[in-house]
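Notes to accompany the following structure.
What follows draws every value from the coordinates through simple rules; no lab data is involved. What you are looking at is a predicted structure, and each value in this text was computed from that prediction instead of being measured. Cβ: placed from backbone, ideal geometry, glycine included. Neighbour counts: every protein chain shown.
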């Protein structure tokens, strides 16, 4: 979905005559082997066309056999396919008004539409809810690791601003450049995994399930 879906959308974008900006939403975790992710491209782990062909040719059992080595030992297929999708965007940078936005770990909102709003239980929100109702009791991890969480309403605002700015740039520039924007908060308001757990414990006591 992350790779082939991006390619299919690019093909649609190519026939849109009045397209001003095409934003591709990636993730700051698409290159997990790097400690620092700058707002730039990095060498691909594999060729995206070859990867799509392999995925659509071979069965799941065979793909699982060579998945880790082929994907340069990525921790999961999410980060791997997200990095491949960025390579697709890069390849079409001279044909379309493209922009890449990389949010970190998106969590529930601060203010809009209401405080605490979220439409799924993915990531840390699901973990905290599972802890609160008692079905998730233990987890192995490092409590001092800084988790880069960004509220969803902050992410949406940043996406809108980045898109608007890119649109103005494209209007005033005959040869607009492909821009990469990171949307992370660890340096602004860092929080460790251990702190998240302690906040969750206090929240459960105030608002029990």
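In this simple spin-label model, placing a label point 7 Å from the Cα along the Cα-to-Cβ direction at both residue 58 and residue 94 gives a separation of 3.3 nm. Neighbour counts of C-beta atoms inside 10 Å place 80, 101, 136 in the sequence 136, 101, 80, starting with the fewest.
Calculated [222 nm] ellipticity per residue, helices only, for the chain: -14000 deg cm²/dmol; basis is -39500 (n - 2.57) per DSSP H run with n ≥ 4, divided by all residues, nearest 500. Seen against the Cα atoms of the chain and their longest principal axis, helix 193-206 is set at about 50 degrees. With angles folded into 0 to 90 degrees, how steeply does helix 152-172 sit against the dominant principal axis of the chain? Use alpha carbons for both and round to 10. Once rounded, one gets 20 degrees. The peptide list 183-191, 153-161, 104-112, put in order of mean Cβ contacts within 10 Å with the highest first, becomes 104-112, 153-161, 183-191.
A Förster radius of 35 Å, combined with the Cβ-Cβ distance separating residue 18 from residue 117, puts the computed FRET efficiency at roughly 0.60. Between the entries [x] 41, 41, 36; [y] 57, 47, 28; [z] 65, 39, 33, the label attached to Cα extents along the principal axes in Å calculated for this structure is [y].
DSSP finds beta bridges in region 4-206, and of those with both partners inside it, around 10 percent are antiparallel. Between helix 123-132 and the chain there is an angle of about 20 degrees, using the helix long axis and the longest principal axis of the Cα atoms.
Here the spin labels are modelled as points 7 Å beyond Cα on the Cα-Cβ line, and at residue 72 and residue 11 they lie 2.7 nm apart.
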